There are 6 protein chains.
Amino acid sequence: MSNLNAEGRHVVVRSIERADETVIDALAPIGAATVHEAIGRRGYLGPDLKPIQTGAMIAGSAVTVLSHPGDNIMIHAAIEVCRPGDVLVVTTTAASTHGMFGDLLATSLMARGVRGLVMDAAVRDTHDLRAMGFPVWTRHVSCQGTVKATPGSVNVPVSIAGKIINPGDVICADDDGVVVVGRQEAAWALEKSRNRLADEEAKRALFANGELGLDMYGLRDKLLDWGVEFID
Amino acid sequence: MSNLNAEGRHVVVRSIERADETVIDALAPIGAATVHEAIGRRGYLGPDLKPIQTGAMIAGSAVTVLSHPGDNIMIHAAIEVCRPGDVLVVTTTAASTHGMFGDLLATSLMARGVRGLVMDAAVRDTHDLRAMGFPVWTRHVSCQGTVKATPGSVNVPVSIAGKIINPGDVICADDDGVVVVGRQEAAWALEKSRNRLADEEAKRALFANGELGLDMYGLRDKLLDWGVEFID
Amino acid sequence: MSNLNAEGRHVVVRSIERADETVIDALAPIGAATVHEAIGRRGYLGPDLKPIQTGAMIAGSAVTVLSHPGDNIMIHAAIEVCRPGDVLVVTTTAASTHGMFGDLLATSLMARGVRGLVMDAAVRDTHDLRAMGFPVWTRHVSCQGTVKATPGSVNVPVSIAGKIINPGDVICADDDGVVVVGRQEAAWALEKSRNRLADEEAKRALFANGELGLDMYGLRDKLLDWGVEFID
Amino acid sequence: MSNLNAEGRHVVVRSIERADETVIDALAPIGAATVHEAIGRRGYLGPDLKPIQTGAMIAGSAVTVLSHPGDNIMIHAAIEVCRPGDVLVVTTTAASTHGMFGDLLATSLMARGVRGLVMDAAVRDTHDLRAMGFPVWTRHVSCQGTVKATPGSVNVPVSIAGKIINPGDVICADDDGVVVVGRQEAAWALEKSRNRLADEEAKRALFANGELGLDMYGLRDKLLDWGVEFID
Amino acid sequence: MSNLNAEGRHVVVRSIERADETVIDALAPIGAATVHEAIGRRGYLGPDLKPIQTGAMIAGSAVTVLSHPGDNIMIHAAIEVCRPGDVLVVTTTAASTHGMFGDLLATSLMARGVRGLVMDAAVRDTHDLRAMGFPVWTRHVSCQGTVKATPGSVNVPVSIAGKIINPGDVICADDDGVVVVGRQEAAWALEKSRNRLADEEAKRALFANGELGLDMYGLRDKLLDWGVEFID
Amino acid sequence: MSNLNAEGRHVVVRSIERADETVIDALAPIGAATVHEAIGRRGYLGPDLKPIQTGAMIAGSAVTVLSHPGDNIMIHAAIEVCRPGDVLVVTTTAASTHGMFGDLLATSLMARGVRGLVMDAAVRDTHDLRAMGFPVWTRHVSCQGTVKATPGSVNVPVSIAGKIINPGDVICADDDGVVVVGRQEAAWALEKSRNRLADEEAKRALFANGELGLDMYGLRDKLLDWGVEFID
């Protein structure tokens, strides 16, 4: 439980710290799976947050929203605190399949330079969102409309799929889903990711030449040690 | 429980009333989410009915089918009563993942001028269906074949995702899913939808200029009234 | 789409017609599965509505609620129109896991002679509800609290698991789940159910003596006709 | 794909081999989790097959059924080939939530000395089944009735949750679910299980005295080797 | 992302701060739903964490575990740091249905005075666990065994169902599920909960006398303001 | 339970028998749904194994893998035994959402002439896999990384969605999913599939001309026999 919304108060935190912009921009083209592996197989927001488009690869600073299900008033409150380079991350206090976000909100976010949306409920107007080139990762797609009747919070710690997202953490997302990197870990994560990319590049050439992971990683002895029997 | 199948009889109702054709045609390009909002956030058939294609936008009159799971005989019975401009809506008496519909049935429906299929079970031959340009919204895709061994009904009230669909109701479907509009509400729904479209168009320009929903909708005072704290 | 909430208006219908009280009372001890079979395998509200207790068998007249998810104001509105012998049936406009109902609302319903609750979202205070002897069938159990911020309707047609429930229909529920019987079909359903009970009683004695359904129902020839091979 | 139903024929295999009766009987009180561990963490039919009762512990020889979903004719065909000490295992060719089995079929199975049912679809009459003392493990409970319109097979290899069940394999089931033991492995499985029980008994006393698994299993060094940091 | 496992290191934190013991003990009999409401409808760990027993009501200090799926070595590591009055909270880095916990581990925890287990994967030996009186809330029940091959962490922040649990937070659990209260909020939560209990007690008497929530909460005017029509 | 891993041993079977290559190649363009129907509506691996691409149609010989969840060491072991024309089929001993396979492993498989992957867990690097033209059918897409810490088996019988896959069986996959054909049934399956294709071609022309299945299949009399009422 965070101090920010201690004693049940709803808050909108206007100012958050963000990671270094050049680091964030450098993380974008690396890919979510590689970043996830490089930082110790952490931060993946799970297989149920899917892109509505193919081919988008983004990184940005998390502005977080915690909403009542079926209510999108706090998304409006969050837009005001977004800055260029941010990614909006919307969660709900209980599971929701409401279409909380559509082309008008996307227009508003694009006008502020926001790079994409991570939605732990649903979006709608997906045909328009794709046409606008505004990238979205979402649990559901749904027409179901929302109200503006119950308060929530902006820029408090939230959680998706067992992973904690603090405001200002770095969001990396592509066709495989969404990975969160701790704000203060971003530079370290970039270095680790670049090392991994280089290592994968070298291995790719070997695999393409027909070499086996069994030999490259020394797995054959491991299997024999475990008593795995090789039968012809 | 409907009067039509009272006392457990299975029926095929050949003649149904339909909404005005020009109204139906005018609803197609508006989009399911807008229609849903315009009529009071009603009629959405839920996030689990997904299109197998992208970009299709249709509206048509519902011809409804209630089948035994794993049995597609009643789809054949329904085709005979379809007319140009209809949309076939298939449900089952219990949850089913059977591929009840494929390219042959689509050929038959296209020959009768049917505009699309809403399937609360599964379809197959999806590659062919996309190639044929026959739009489908379905809960599942599955090869699993069916039998023709148990009766059902055609043109009785059915229900998907807690929404009731009467024969002759108007089906509106696009990339966001499927919305049903009551037959007698169709003209009113069209008017409401057009009003909403115009309203959205005006707002879109404001949002693109950087104006905030928080101000446009007067939400800032609402949040303060509720005691939401704005923290810098 | 119902006429009652045409054009998007929310309504509370105070007076509904109910089935004959003696018929309803006679349906209670028959059991949901038997009633479902007797009326033509119809009206079952699906395997996801589960009792929170064991051994309860009830029948009563449906008072229906259609709520915004995460909001229980319409349950309060419904209580006023409940009469002794009713069963409250609560649905939401989109899927919800909120604990919309607890021991205080049960106290209120028991004070009005209501026989039980069918909840297509969640209940809480289950330990107390069991102690109070107030029977509940529900999709989920959840602590998650609700607000009173968005209107809905009372005594409009609703739908659960693809089955339509009109106000005044008869709800039959036991350990196997919930079955709805059309109000005007109730007397016919009772007769059919009694016939089935008698038939089952006769068969039970035969089965207990070791006779086979294969012979009793003449299924052996059917299997041979279909080409099923019996192999020793 | 089995030879038995090669080329798409449906078969009822009347005679199957079974494991030694004394071995089977000795496996019953050991418990499914222990047997599963003892044979190398194999054979568990997954967390979705749940008992409808508490406290039952059985073992028996599998008589297998492969049915069309929503059709229970092959259960009737299977009863004839059941012998005392058997456990009926029912699967369907596609996912099903139908209540394929109730108190009449249980009466018939009890008359033949069958020890229980494993159902990969649904059962009904659960209140009666508990009262009769006939143990059932099932994926769903549902009133939904079935037809007798489509053939299937009896005593062919079937599969649940990725585990293969051959006719005559030993089924062990308790509150934790269902485990299958290969017919020819049964004696070996019993010996292994008894060894494990003895080993667990010894450990239980140590744990009750406050000793730690970290020390008993030598895990502390493993953690340190992996670089896990212990922080005060 | 927590500082504690920054840069991907696995840690076992031996010493954590806990809330005041008398406060924790006083929270236990209040009930999870009431505590959740009292602190502002926060902290509920969702409807999928279910008790394996009925009637248990506990409160205790969270000792948290983050494990690799299918691996229970870190539970052993956690036991050493548990103290009387704690509740063990086990999560996995990805969704898991493994039976990570059984009667031996429960024996070990009981020997250390631990009050219960919250498991975001599965437990087994449920019959024994109930007999031992060790209360468990779990996502699944499963026989499936685990290995001890991959490190994890103890006493790092974890998350279940979108709620963050820090080591030393207070866990309240009963038949309705599990609620987490921030360690530093515990005394405030107890006061709020007692106020709510008193308030509910007063209302219960009114409801039992037939008074309506519609009147008690002034909801009738709210509905009329919203335009809800009351129809006779 | 297979003999191959009797008594809990893990095995890697290097040599398997395969079906005739020309038969396999001829099955590829027929389509999974047609093959499934032609062989008696068998072998479909269910609606949850979905392609990550559109338009791929393949057939090949199954090389099977049984892995510990969250561990991909046995995929490396399997690659060594793959031959041109094979399809790798990966299963886990319990449900898993781990991304066990990515572009490096695909590079390795393509170097050996493997035609595709059927994954009963998750893959990652989907953008690269599509770009490489390596076809994949998978239950999930996930970044979540795996370890190499626990043994499994290669080329043992495995099972997905209740269907058994023996090493060397023929895998047919397209946009509708995956169908398995028994190795020794392959030639028979091809003949049956070709007959069905010819039959469908003839029917397609009739349907396109507006003829009804109701007449073509003689279903009208069947419906009347069952007592279905046709109402105008």
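Where a number appears in this text, it was derived from the coordinates with a stated rule and is not lab data. Remember, predicted model here, so these are calculated numbers, not experimental data. Note that we place each Cβ from the backbone using ideal geometry, even for glycine, and neighbour counts take in every protein chain shown.
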Sparse-neighbourhood loop hits (chymotrypsin sites (Phe, Trp or Tyr not before Pro), segment E:137-221; DSSP loop; Cβ within 10 Å at most 16 others) -> E:Tyr217
Could you name the residue in chain A with the C-beta closest to the rotation axis that superposes chain A on chain C, along with the separation in whole Å? A:Ala149, 2
E:Asp25 paired with A:Thr22, simple spin-label distance in nm, labels 7 Å along Cα-to-beta-carbon: 6.0 nm
Please turn the phi angles of segment B:124-140 into ³J(HN,Hα) values with the Karplus equation 6.51 cos²θ - 1.76 cosθ + 1.60 (θ = phi - 60°), one per residue in order, whole Hz, x for glycine and proline. 9, 6, 5, 4, 5, 4, 5, 5, 6, x, 9, x, 9, 10, 8, 6, 9
Taking the Cβ-Cβ separation of A:Asp48 and A:Ala131 as r and a Förster radius of 22 Å, what is the calculated FRET efficiency to the nearest 0.05? 0.35
For E:Asp225, place a label point 7 Å from Cα along the Cα-to-Cβ direction in every copy; what are the distances to the other copies, in nm, shortest first? 0.7, 6.6, 6.8, 6.8, 7.1
Among the lysines, select those whose C-alpha is under 17 Å from the C-alpha of D:Lys222, and discard any that sit fewer than 8 residues away in the same chain. A:Lys222, E:Lys148, F:Lys148
Over all directions, chain D yields a Cα convex hull whose mean projected area in nm² is 16.1 nm²
Have a look at the DSSP beta bridges in the protein assembly as shown and tell me what percent are antiparallel, nearest 5. 45 percent
When C:Asp20, A:Asp103 are arranged by how many other beta-carbons sit within 10 Å of their Cβ, fewest first, they go C:Asp20, A:Asp103
Given points 7 Å out from each Cα along the Cα-Cβ axis, report the F:Glu191 to F:Asp232 separation in nanometres with one decimal. 5.1 nm
Whichever lysines have a C-alpha closer than 19 Å to that of E:Lys192, once near sequence neighbours (fewer than 8 apart) are set aside: E:Lys203
Mind checking which aspartates and glutamates have their Cα closer than 12 Å to the Cα of A:Lys50? Skip sequence neighbours fewer than 8 apart in that chain. A:Asp120, A:Asp174, A:Asp175, A:Asp176
Residues whose built amide H sits under 5 Å from the amide H of A:Thr138, excluding neighbours closer than 5 in sequence, are A:Lys50, A:Ile52, A:Met119
If you line up the Cα atoms of segment A:1-127 on their principal axes, what length do they span on each, largest first, in Å? 38, 37, 29
Teacher prompt: C:Gly113 distances to equivalent labels in other copies, 7 Å Cα→Cβ, nm: 5.6, 5.6, 5.6, 6.9, 8.2
Taking a label point 7 Å out from Cα toward Cβ, give me the nm distances from B:Arg14 to the same spot in the other copies, shortest first, one decimal. 4.7, 5.1, 7.2, 7.2, 8.7
I need to check one value: relative contact order of chain B, counting alpha carbon pairs closer than 8 Å and at least 6 residues apart, in percent. 29 percent
Taking 41 Å as R0, compute the FRET efficiency from the Cβ-Cβ separation of F:Asp215 and C:Asp215 and round it to 0.05. 0.60
Which ³J(HN,Hα) values, rounded to whole Hz and listed in residue order, are derived for segment F:206-211 from phi using the Karplus coefficients 6.51, -1.76 and 1.60 in 6.51 cos²θ - 1.76 cosθ + 1.60 with θ = phi - 60°, glycine and proline given as x? 5, 4, 5, 7, x, 5
In whole Å, what is the distance between the alpha-carbon centres of segment D:39-118 and segment F:207-224? 39 Å
